[in-house]
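Working notes, structure below.
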Amino acid sequence: MNTAFSQVTRNEKKYEIHLLDAASMQRELDLLLRRDFFSRNGSYMVRSLYFDSLNDIDFREKNSGYEKRKKVRIRIYDPLALEGKLELKQKWGDYSNKKSLSITRDEIGRAMAGDYSFLLDHNTQVSLELYSLLTLGCYRPKTIIEYQRFAFWYPENNTRITFDSDIRCSEINLNIFQDNLPWVPLTNENLILEIKYDKVLIRTVSDVLKKYKLNQVSVSKYMVGRPIYAHSIM
């Protein structure tokens with residue numbers, strides 16, 4: 001089977017930024033960087049279904065402050081999408097490694113039901129790694145996170161800057177293809193600013209960021225997207 005997959009290792013930093021500062025920064029970056037293909041006319045929707053093990057090991061390791069941690073998700077950009085990305089994202093402090101595999105709508109449905117056998121048909125290193133992780137850990141869907149993303153990119157050092165707003169979650173209904181879900185809002189007037197790059201951040205972008213009072217955070221959309229579970233273990 002011809003399978004599309006990718007693997008990326010890079011620096012990744014997150015900040016909270018007020019929506020007014022975000023608008024100002026976006027105007028400056030528009031003069032320096034290129035907009036992401038999907039951001040040509042504004043923001044676009046990102047929807048992710050997060051999985052965790054039988055004993056919620058990924059949530060617990062992040063909650064305990066482990067430097068090395070991971071998360072597994074399926075990402076789509078439209079409830080009518082015919083395919084999506086199954087991703088394993090691993091982090092070590094500010095460094096991240098993402099392995100991504102393209103899967104069909106039918107395969108997404110099978111994953112939601114806990115059937116990962118289709119990964120054996122892909123027969124790649126990434127698919128077999130995901131199969132072992134998901135089956136041995138008894139991974140199951142836990143929450144859906146959706147938000148609006150506005151993104152810039154620049155080829156030098158594979159630079160990518162994203163602004164995520166209107167972040168919301170659904171822990172009750174876990175059908176990633178359903179149009180209207182029982183959303184719980186997770187953000188107010190602040191956006192999540194993510195800066196990703198290889199090696200070093202280019203000087204022009206760094207100079208723009210220094211104009212704003214940015215506080216680096218270790219916020220995880222998956223963590224804040226499980227308020228019911230978080231409350232149950234308090």
From the residues in segment 6-34 that are farther than 19 Å from S165 by Cα and in contact with a Ser or Thr (Cβ under 6 Å, 6 or more places away or on another chain), which one is modelled with the lowest pLDDT? S6
Within segment 209-221, is even one residue out of contact with any Asp or Glu (no Cβ under 9 Å at 6 or more places or on another chain) and within 30 Å of A111 (Cβ to Cβ)? yes
Check segment 168-175 and report whether any residue there is surrounded by fewer than 17 Cβ atoms within 10 Å (Cβ to Cβ) and on the phi > 0 side of the Ramachandran plot. no
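Taking into account only those residues within segment 87-126 that are among the hydrophobic types (A, V, I, L, M, F, W, C) and within 17 Å of the chain's Cα centre (by Cα), which is modelled with the lowest pLDDT?
Residues of segment 87-126 that are among the hydrophobic types (A, V, I, L, M, F, W, C), as a first pass: 88, 92, 101, 103, 108, 111-113, 118-120, 126.
Retained after the next criterion (residues that are within 17 Å of the chain's Cα centre (by Cα)): 88, 92, 101, 103, 108.
Working: L88: 97, W92: 87, L101: 97, I103: 98, I108: 98.
Among them, the one singled out is W92.
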Check segment 66-82 and report whether any residue there is assigned to a helix (DSSP H, G or I), without any contact (Cβ under 8 Å) to a residue 40 or more places away in the chain, touching a strand residue (DSSP E or B) at 6+ places or on another chain (Cβ under 8 Å) and on the phi < 0 side of the Ramachandran plot. no
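In segment 58-86, which residue that is within 18 Å of R110 (Cβ to Cβ) and aliphatic (A, V, I, L, M) is surrounded by the fewest Cβ atoms within 10 Å (Cβ to Cβ)? Walk me through it before giving the result.
Of all residues in segment 58-86, those within 18 Å of R110 (Cβ to Cβ) come to 72-76, 79, 81-86.
The next check asks that each one be aliphatic (A, V, I, L, M); those that pass are 72, 74, 76, 81-82, 86.
On the way: V72: 23, I74: 22, I76: 21, A81: 15, L82: 10, L86: 27.
Only one residue fits best here, namely L82.
Looking at I161, I167, I145 in this structure, which one is touching a Phe, Trp or Tyr at 6+ places or on another chain (Cβ under 7 Å), under 28 Å from T204 (Cα atoms) and at pLDDT 95 or above? Give the derivation first.
Numbers: I167 fails: under 28 Å from T204 (Cα atoms); I145 fails: under 28 Å from T204 (Cα atoms).
One residue alone meets the criteria, I161.
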Name the single residue that is surrounded by the fewest Cβ atoms within 10 Å (Cβ to Cβ) among those in segment 42-57 being among the small types (G, A, S) and within 23 Å of F163 (Cβ to Cβ). G42
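The values are calculated or read from the model by the stated rules, or taken from the named source; none is laboratory data. Source: prediction; values computed, not measured. Note that we place each Cβ from the backbone using ideal geometry, even for glycine, and neighbour counts take in every protein chain shown.
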